[in-house]
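S.K.: Let me give you the structure first, and then I'll get to my questions.
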Amino acid sequence: MSNNTTVENIILGCLSFGPRSGYEIKKIINMSSSWFYNASYGSIYPILKKHEEKGLVSSEEVIDNGRYKRLYQMTDKGYKAFHAWMLQSPKLMTVKYEMAVKLMFFAKLAPEQRIQQIEEHIEQLRLFKQELEEIEPWAEHEGDSYQRLILDWGENLYDFLIQWFSQLLNELQKYDGDLPQKPKDGQQL
């Protein structure tokens, strides 16, 4: 049973591809899981140190193009911990989605502000989907079929969100920035 957090296991997963520096691990995360589970440089290095103290990774300093860098690699103990995590049932998804929270309080905005917020959010979603599309060449040449699968999942998720918010925008525009009240059970408008 793995006692590591998900981000700690993501870092081990990055090392399952071979020895990497902290910078290279961050690059892998940016190209793969950052849009659903991210790690900053400020968290990667302390996690690597913790993993090293627990014997899950080892490191060595090497010279690369005349510069020193520290390479980390997973130990047998680290691989066993990572593999144990991979075999565990995943936790149910919890979503931290700020726009969903804002929608709960949309009545507090002026109608034109609601429209503007949705328009800006759709643009953000399109830009993020474009970033995923830019990863496709990497996934096709260097990724395995499961990495391509999760990229496809992400693109489909953003397609859904763009469509959903576009429909909401159409409704808001149709009703001058407001939505009609739906009747409560047994009540007629």
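S.K.: Scanning region 72-111 for residues that are among the β-branched types (Val, Ile, Thr) and exposed (fewer than 13 other Cβ atoms within 10 Å of the Cβ), which turns out farthest from Asn38 (Cα to Cα)?
M.R.: That would be Val101.
S.K.: Cβ contacts < 7 Å: first residue in contact (Cβ under 8 Å) with a residue 60 or more places away in the chain and part of a helix (DSSP H, G or I), restricted to region 108-130; second residue surrounded by 13 or more Cβ atoms within 10 Å (Cβ to Cβ) and hydroxyl-bearing (Ser, Thr, Tyr), any location; separation 6+ or different chain. Result?
M.R.: Note: pairs meeting the criteria are Phe128/Tyr158.
S.K.: Could you check region 42-82 and list, in sequence order, the residues that are closer than 18 Å to Thr6 by Cβ and among the hydroxyl-bearing types (Ser, Thr, Tyr)?
M.R.: Ser43, Tyr45, Tyr79
S.K.: Sticking with this structure for a sec: Just checking, how many residues over region 5-34 are part of a loop (DSSP other than H, G, I, E, B) and surrounded by fewer than 19 Cβ atoms within 10 Å (Cβ to Cβ)?
M.R.: 7
S.K.: Looking at region 40-71, which of its residues are surrounded by fewer than 14 Cβ atoms within 10 Å (Cβ to Cβ), part of a helix (DSSP H, G or I) and among the small types (Gly, Ala, Ser)?
M.R.: Gly42
S.K.: Going through region 34-62 one residue at a time, which ones are without any contact (Cβ under 8 Å) to a residue 60 or more places away in the chain and either assigned by TED's automatic domain parsing to the domain that holds Ile135 or within 15 Å of the chain's Cα centre (by Cα) (or both)?
M.R.: Ser34, Tyr37, Asn38, Ala39, Ser40
S.K.: Moving on to the next point. Which one is nearest to Ser59 (Cα to Cα) among residues in region 87-104 that are part of a helix (DSSP H, G or I) and without any contact (Cβ under 8 Å) to a residue 12 or more places away in the chain?
M.R.: Of everything passing the filter in region 87-104, Leu87 is nearest to Ser59 (Cα to Cα).
S.K.: Give the residues of region 85-102 that are among the hydroxyl-bearing types (Ser, Thr, Tyr) and under 16 Å from the mean Cα position of the chain (by Cα), sorted by residue number.
M.R.: Those that are among the hydroxyl-bearing types (Ser, Thr, Tyr) and under 16 Å from the mean Cα position of the chain (by Cα): Thr94, Tyr97.
S.K.: Separate question: Does Tyr37 count as surrounded by fewer than 18 Cβ atoms within 10 Å (Cβ to Cβ), among the hydroxyl-bearing types (Ser, Thr, Tyr) and not in a helix (DSSP H, G or I)?
M.R.: yes
S.K.: Within region 73-86, which residues are in a helix (DSSP H, G or I) and touching a strand residue (DSSP E or B) at 6+ places or on another chain (Cβ under 8 Å)?
M.R.: Across region 73-86, the qualifying residues are Gly78, Phe82.
S.K.: If Phe165 meets every condition in (1) assigned by TED's automatic domain parsing to the domain that holds Ala110; (2) loosely packed, with under 10 Cβ neighbours inside 10 Å apart from one, which number is that one?
M.R.: Going through the list (1) assigned by TED's automatic domain parsing to the domain that holds Ala110; (2) loosely packed, with under 10 Cβ neighbours inside 10 Å, Phe165 breaks only (2).
The values are calculated or read from the model by the stated rules, or taken from the named source; none is laboratory data. Just so it is clear, the model here is predicted, and its values are computed rather than measured. Quick reminder, even Gly has a Cβ in these numbers, built from the backbone with ideal geometry, and neighbours come from all protein chains shown.
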